[in-house]
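Presented below is the structure to which this report refers.
Just so you know, all these numbers are worked out from the coordinates, no wet-lab data involved. Since the model is a prediction, treat every value here as computed from it, not as a measurement.
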Amino acid sequence: MTLTRRFAAAYGRGPAGVWAAPGRVNLIGEHTDYNDGFVLPFALDRCTAAAVSLRADDRLRVASLQQDGAPVEVALSDVRPGRPAGWAAYVAGVLWAMRGAGHPVGGMDVLVDGRVPVGAGLSSSAALECAVALAADELHALGLPRTELAALARRAENEVVGVPTGGMDQLAALLCVEGHALFLDTRSGQAEQVPLELDGAGLRILVIDTRVRRSLGESAYAERRRTCTEAARALGVPALRDVPLADLDRCLRSLPDPTVRRRVRHVVTENSRVLATVVALRTGDWAEVGRLMTASHVSLRDDYEVSCAVLDTAVEAALGSGALGARMTGGGFGGCALALVAAGGVGGTQNAVRRAAAQHGFPEPDIFVATPSGAARRLHE
Ligand code: GLA
């Protein structure tokens, strides 16, 4: 049954439309977005769809095909940080952020079909927020630029849900173009589409979902963020983005705490790896892309300390099986890794990664070939 028909069954009338937004992986540039740095994500072909119709009052009803029970119902005037609790906050938060910015947004009925795995580090939350933001924008004929919708979706997550994420995921969900990675300067907001010509190069990117959900991820994320803000203050710069690679050693010498030094080193070197990856993609130097991916993983593992045994095992097994490069992607502490492999090596890497997981007693990973896909859009069901 289509989502439209399910909506009618749930709410007794058809939706005004169905909007969908994709999950994403980040090719490189991890934990740089909240340091005003560079990122290079691309959208996946796994989307979250939201069937939506407007209501005449200010109530929000929201249900999901992936959740049992009656729709969650809340008056928009009751939405605030921490309320509603649970997954409905992603939807309510977007409407709250839009109203807070002065946009005339009223109540809605929403039915969600979330096809982006939750808790896998593939940005299922940004996909949901952005599908709803685009729906509200179109249904109220607001005509907001997509960068503005991304900022509002991020506010929902930061303030109503209460997770202090950077802005990469929402921008990826709203700006990515099929067949491209999105090179983003998170300070200026400048975005450039970089062709990801994997087919032409005989390559594939494998997404390895370890099926280990991010435990402890949220508090560690907030803690890393705080450390970066304090380090920037200690170094007298607005953000770690402002520490040039050439100045890194001098800056590190001025920081007394070895942990803080490692965190700073990750952010500064990661920013330079993103820039180098963009150059390598433009020149078709895939060996260099792979090398940079692996260097990023090592930095996240040893300096930023956000990897974990299950991610390290997947990365090592992929590299051992001949991958050009491999790394964890997303916030860390579980979730997904990426491997850049020759098209003919997909099966070998899949087997090697599965075997390594089994040997360590880890869950069997879900491995799929990534298809760089387009951003949020209205579906015509
Ligand atoms: C999570 C956050 C992003 C980003 C990554 C790490 O996915 O939502 O904003 O900080 O972690 O790169």
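Whole-Hz ³J(HN,Hα) for each residue in the range 43-56, computed from phi via Karplus 6.51 cos²θ - 1.76 cosθ + 1.60 with θ = phi - 60°, x for glycine and proline: what do you get?
Once θ is set to phi - 60°, the couplings for the range 43-56 become 7, 9, 8, 9, 10, 10, 10, 10, 8, 9, 9, 6, 10, 7 Hz.
If you build a Gaussian network model of the chain, linking Cα atoms that sit under 10 Å apart, which residue out of A295, A101, A85 swings the most?
So, out of A295, A101, A85, the one fluctuating most is A101.
How would the range 196-369 be classified by its alpha-carbon gyration tensor: rounded, prolate or oblate, with rounded meaning a/c under 1.5 and the a/b versus b/c comparison settling the rest?
Details: a/c = 2.70, a/b = 1.48, b/c = 1.83.
Oblate, because a/c is 1.5 or more while a/b does not exceed b/c.
Using Cα pairs under 8 angstrom and six or more residues apart, how large is the relative contact order of the chain, in percent? Walk me through the intermediate numbers first.
On the way: 853 pairs, mean separation 89.3, N = 381.
Relative contact order for the chain comes out at 23 percent.
In percent, what relative contact order does the range 196-369 have, based on Cα pairs under 8 Å that are 6 or more apart in sequence? Display every interim value, and only then the final one.
On the way: 265 pairs, mean separation 58.2, N = 174.
Worked out over the range 196-369, it gives 33 percent.
How long are the semi-axes of the ellipsoid equivalent to the chain, from square roots of 5 times the Cα gyration tensor eigenvalues, in whole Å, largest first? Don't skip to the end; give the middle numbers.
Working: eigenvalues 239, 121, 71 Å².
They are 35, 25, 19 Å, listed largest first.
Counting helices only, and only those DSSP H runs with n ≥ 4, report the 222 nm mean residue ellipticity of the chain as the sum of -39,500 (n - 2.57) divided by its residues, in deg cm²/dmol to the nearest 500. Spell out each step's value before the answer.
Numbers: 11 runs with 149 residues, N = 381.
Helix-only estimate at 222 nm: -12500 deg cm²/dmol.
Given H placed on each backbone N at 1.01 Å, which residues far from E381 in sequence or on other chains put an amide H within less than 5 Å of it?
V18
Rounded to the nearest whole Å³, what is the per residue volume of the convex hull around the Cα atoms of the range 196-263? Working shown, then result.
Working: hull volume 11.0 nm³, N = 68.
Roughly 162 Å³ of hull volume per residue.
For A181, which sequence-distant residues (separation of 5 or more, or a different chain) have an amide H within less than 5 Å of its own amide H, given hydrogens modelled in the peptide plane?
V194, L196
In whole Hz, what ³J(HN,Hα) sequence does the range 86-93 give by Karplus (6.51, -1.76, 1.60; θ = phi - 60°), x for Gly and Pro?
Per residue, the Karplus-derived 3J(HN,Hα) values read x, 5, 4, 4, 5, 6, 4, x Hz.
Enumerate the amide H contacts of R24 below 5 Å, restricted to partners 5 or more residues apart or on another chain; note that Pro and chain-start residues carry no placed amide H.
Those lying under 5 Å, H to H, from R24 are L44, S123.
Could you give the distance between the Cα centres of the range 140-171 and the range 186-236, to the whole Å?
The two parts, judged by their Cα centres, are 17 Å apart.
When the scattering of the range 41-148 is computed by the Debye formula from its Cα atoms alone, each counted once and equally, what is log10 I(q)/I(0) at q = 0.13 Å⁻¹?
-0.45
How many percent of DSSP beta bridges within the chain run antiparallel, rounded to 5? Intermediate results must be reported in sequence, preceding the final value.
Values: 48 of 53 bridges.
The answer is about 90 percent antiparallel.
In a Gaussian network model over the chain where Cα atoms closer than 10 Å are linked, find which of A317, A280, A51 has the largest mean-square fluctuation.
Most flexible of the set in this elastic network: A280.
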